Amino acid sequence: MRACLWVFAVVLVFGFVDGKRVERLRTERISGSAGDVLDDDPVGRLKVYVYELPSKYNKKLLQKDPRCLTHMFAAEIFMHRFLLSSPVRTLNPDEADWFYTPIYPTCDLTPMGLPLPFKSPRMMRSAIQLISSNWPYWNRTEGSDHFFVVPHDFGACFHYQEEKAVERGILPLLQRSTLVQTFGQRNHVCLNEGSITIPPFAPPQKMQAHQIPPDTPRSIFVYFRGLFYDVNNDPEGGYYARGARAAVWENFKNNPLFDISTDHPTTYYEDMQRAIFCLCPLGWAPWSPRLVEAVVFGCIPVIIADDIVLPFADAIPWEEIGVFVAEEDVPNLDTILTTIPPEVILRKQRLLANPSMKRAMLFPQPAQPGDAFHQILNGLARKLPHDRSVYLKSGQNILNWTAGPVGDLKPW
């Protein structure tokens, strides 16, 4: 009986989204403040001063390992490049609203291409010591008018395992700064209030090269490619993804509606464009590039990550374009998705078809109006003007330069 219901649901949905009716999937503008914010132009609303640091903090790291340009943490590199030629940049620090320190703390990769965060705290401390010694601006606010791009798994907590990241906490010297980070989870020690949550980097040119005709029927109901278990780092299971990915596999590996596997085919991007729903479960951290890929390819993201703070949530109406499933409800995923009315699915697809939605999730080269670079600047502009209370009195100090693990205090 349940199998019959599944078949009925698929036929019903496909009847609305097949190629013959694709003309109905025209774009739909986001209504209300979210759509207006998405189209904001930050130029003229803020000025950013870019510190000139020795190349050992950025360019030399990239020269040593060019793979940093293509991994999911590459926003730290491309944001630097963008700001150097952006009209919001000022060469006069006395007129700046914000100060940016261009360092690449995740550009330290293993042979497998995974970033090692263990040197990042010392690199960050070294850079802050440099700017506080050579310029007067850090010391005026102890970083309250400075922003840092920290795209690692758990942001400025600088560890890839949540337990240890929580134990570390955000690097003490960054407690007053605005952190631009991929990690976002409510009520978490690794997310400061006022941080700007951004999408992970996904290569725009590569994704563009895999576009298929928009009238291609979406013949896959649910799609996912990735790990369900991490046997190397979590051999006993249950800790990785808080068990959510394991639950997906155990419950739906034989379900004909679910095209799920650990394989990563060469047609991965094309397959997402043939799917109605794309699973975006948490892994070691709540976020992953699948969220970007789903939005860009018009596949409704099924977000399985309790308390996640999504990228540019004040600009992108995630509740309207995605489906949220609590981690404990994963065993009911089939029922949840097959009972969504076709008209709701169609509206989500129309919203996802809006080009401004896709642009906001990408870091293109060159930059484009409304892209992720501009959404970051919009977020910074909305935090202006700075409250007068952030400026310290003469001789006043709030941050503790000797706080944190002993290993972080060693020279970099």
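The values are calculated or read from the model by the stated rules, or taken from the named source; none is laboratory data. Values in this document were obtained by computation on a predicted structure and should not be read as measured data. Positions of Cβ are backbone-derived with ideal geometry, glycine not excepted, and every protein chain shown enters the neighbour counts. The protein model used for the area step is the full one, side chains on, heavy atoms only, and it has no ligands, DNA or RNA in it. Shrake-Rupley method; radii C 1.70, N 1.55, O 1.52, S 1.80 Å.
What to note about this one:
- Unique residue being at pLDDT below 95, crowded, with 17+ Cβ neighbours inside 10 Å and not acidic (Asp, Glu) when the list is 298, 322, 283: 283
- Number of residues in the range 273-292 that are assigned to a helix (DSSP H, G or I) and farther than 13 Å from residue 219 by Cβ: the value is 3.
- A count restricted to the range 197-221 and to residues that are closer than 18 Å to residue 289 by Cβ and assigned to a strand (DSSP E or B) stands at 1.
Matching residues to (1) in contact with a strand residue (DSSP E or B) (Cβ under 9 Å, 6 or more places away or on another chain); (2) assigned by the TED database to the domain that holds residue 300; (3) in a helix (DSSP H, G or I):
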position	(1), (2), (3)
319	no, yes, yes
328	no, yes, yes
332	no, yes, yes
337	yes, yes, yes
340	yes, yes, no
349	yes, yes, yes
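- Verdict on residue 55 being out of contact with any helix residue (DSSP H, G or I) (no Cβ under 7 Å at 6 or more places or on another chain), open to solvent by 60 Å² or more (accessible area, probe 1.4 Å), among the small types (Gly, Ala, Ser) and not assigned by the TED database to the domain that holds residue 315: no
- Subset of the range 354-376 [assigned to a loop (DSSP other than H, G, I, E, B) and farther than 14 Å from residue 39 by Cβ]: 361, 362, 363, 364, 365, 366, 367
- Scanning the range 159-201 for residues being farther than 22 Å from residue 383 by Cβ, open to solvent by less than 10 Å² (accessible area, probe 1.4 Å) and within 16 Å of the chain's Cα centre (by Cα) gives a total of 1.
- Members of the range 350-367 found to be under 18 Å from the mean Cα position of the chain (by Cα) and free of Cβ contacts under 8 Å to residues at least 60 places away in the same chain, listed by number: 352, 359
- Considering 236, 270, the condition of being in a loop (DSSP other than H, G, I, E, B), out of contact with any helix residue (DSSP H, G or I) (no Cβ under 7 Å at 6 or more places or on another chain) and of a type in the set (D, E, K, R) is satisfied by 236 alone.
- Close Cβ contacts (under 7 Å, 6 or more residues apart or on different chains) running from residues in the range 89-106 that are in contact (Cβ under 8 Å) with a residue 12 or more places away in the chain to residues that are open to solvent by 70 Å² or more (accessible area, probe 1.4 Å) comprise 90/47; 95/47; 96/47; 97/47.
- The one condition in (1) out of contact with any Lys or Arg (no Cβ under 9 Å at 6 or more places or on another chain); (2) at pLDDT 95 or above that residue 116 fails to fulfil: (2)
- Selection within the range 78-101 - part of a loop (DSSP other than H, G, I, E, B) and more than 11 Å from residue 373 (Cβ to Cβ): 87, 90, 91, 92, 96, 97, 101
- Options 91, 109, 84, 114: the member that is under 20 Å from residue 181 (Cβ atoms), among the hydrophobic types (A, V, I, L, M, F, W, C) and open to solvent by 50 Å² or more (accessible area, probe 1.4 Å): 114
- Summed over the range 124-158, residues that are out of contact with any strand residue (DSSP E or B) (no Cβ under 6 Å at 6 or more places or on another chain), touching a residue at least 60 places away in the same chain (Cβ under 8 Å) and in a helix (DSSP H, G or I) total 8.
- Selection status of residue 104, within 21 Å of the chain's Cα centre (by Cα), outside any helix (DSSP H, G or I), modelled with pLDDT of 95 or more and hydroxyl-bearing (Ser, Thr, Tyr): yes
- Among the residues making up the range 293-317, those that are touching a residue at least 60 places away in the same chain (Cβ under 8 Å) and part of a strand (DSSP E or B) are 302, 304, 308.
- Residue in the range 159-170 that is assigned to a helix (DSSP H, G or I), more than 17 Å from residue 308 (Cβ to Cβ) and touching a helix residue (DSSP H, G or I) at 6+ places or on another chain (Cβ under 8 Å) present: yes
- Qualifying residue in the range 142-155 (condition: more than 17 Å from residue 65 (Cα to Cα) and either polar (S, T, N, Q) or open to solvent by 20 Å² or more (accessible area, probe 1.4 Å) (or both)): yes
- Leading residue by the ranking (modelled with the lowest pLDDT) among those in the range 359-412 that are surrounded by 17 or more Cβ atoms within 10 Å (Cβ to Cβ) and at positive phi: 404
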